[in-house]
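Report on the following structure.
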Amino acid sequence: MREVNPCDTTRAYAFDMWMKAPMPMVTLFKTLDVSRLVRISRRRGLKFNMLMVWCIGKAASQVKEFYMLPVDGKLIQYDSIAVNTIVANSRGEVSSCDIPFSSDLLVFNDDYLRLTGQVAESCSNHDITDSMVVGTSALASFDIDGAVGMYSGIFNNPFLIWGRYRRRWFRTTLTISFQFHHTQIDGAHAACFLDMLQKEIDTLAI
């Protein structure tokens with residue numbers, strides 16, 4: 001990770017427009033068809049949430065804007081991406097777990113199980129500070145449509161939230177909300193990312 005001059009990037013205009021905005025976050029909603037993930041999860045004994053966060057990491061890794069993030073008024077360039085998930089810990093509370101993204105699903109699955117298990121037992125967050133982290137939160141027990149207004153003024157990372165998936169005849173759908181800092185990406189980049197996420201879900205093979 002390293003600081004870059006915004007004027008030397010494609011984010012120069014967005015940096016000037018949005019870096020000091022009182023509310024620079026934007027949220028998009030999208031309903032995904034996750035039928036394939038549900039089938040793979042059941043047939044291969046893989047966690048649905050792991051498959052979701054891997055597809056998120058795979059789609060994000062293909063969008064160059066995801067490798068830049070505004071941090072403390074500066075634009076930081078990263079060489080790698082990680083995906084965060086929220087873990088129910090042994091104290092009945094929640095902890096945060098960053099998982100390094102690997103394009104190899106089985107490697108990612110091993111890291112996911114190992115790190116989330118450690119976090120659940122220790123009740124200590126696992127943070128990766130040298131990667132651009134995509135945040136996620138799965139409220140899988142609840143029938144929600146998404147979330148807005150999560151901006152803390154401290155963390156500018158992109159963030160996805162979803163609830164329980166829904167069965168409709170021969171399809172299973174999942175509505176997600178995707179919040180992002182406008183300095184990092186524009187609406188078109190965000191929409192492209194969500195389309196790529198659906199494509200990664202549709203083409204996942206294991």
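The values are calculated or read from the model by the stated rules, or taken from the named source; none is laboratory data. Computed from a predicted model, the values in this text were never measured in an experiment. No Cβ is skipped: glycine too gets one built from the backbone with ideal geometry, and neighbour counts run over all protein chains shown. Only protein heavy atoms, including side chains, enter the accessible area calculation; ligands, DNA and RNA are left aside. Shrake-Rupley method; radii C 1.70, N 1.55, O 1.52, S 1.80 Å.
Hey, can you tell me all the residues within region 25-48 that are open to solvent by less than 20 Å² (accessible area, probe 1.4 Å), assigned to a helix (DSSP H, G or I), over 20 Å from V107 (Cβ atoms) and not β-branched (V, I, T)?
Matches in region 25-48: S35 only.
Within region 92-124, track down each residue that is open to solvent by 40 Å² or more (accessible area, probe 1.4 Å), within 20 Å of F159 (Cβ to Cβ) and within 17 Å of the chain's Cα centre (by Cα).
Scanning region 92-124 gives P100, F101.
R171 - would you say it is of a type outside the set (S, T, Y) and without any contact (Cβ under 8 Å) to a residue 24 or more places away in the chain?
On the way: of a type outside the set (S, T, Y): yes; without any contact (Cβ under 8 Å) to a residue 24 or more places away in the chain: no.
No: the conditions fail for R171.
Which of (1) under 25 Å from M17 (Cβ atoms); (2) among the hydroxyl-bearing types (S, T, Y); (3) open to solvent by 40 Å² or more (accessible area, probe 1.4 Å) does T183 not meet, given it meets every other one?
(3)
Give all pairs with beta carbons closer than 6 Å in which a residue from region 100-119 that is at negative phi meets a residue that is open to solvent by less than 20 Å² (accessible area, probe 1.4 Å) and assigned to a helix (DSSP H, G or I); count only pairs at least 6 apart in sequence or on separate chains.
Pairs found: F101/G57; S102/F108; L105/W54; F108/W54; N109/M50; Y112/M50.
Within region 59-81, is even one residue in a loop (DSSP other than H, G, I, E, B) and farther than 25 Å from D130 by Cα?
Our first condition is that a residue be in a loop (DSSP other than H, G, I, E, B); within region 59-81, this holds for 61-63, 72-73, 78-80.
Within this subset, residues satisfying the condition of being farther than 25 Å from D130 by Cα are none.
No: region 59-81 contains no residue that is in a loop (DSSP other than H, G, I, E, B) and farther than 25 Å from D130 by Cα.
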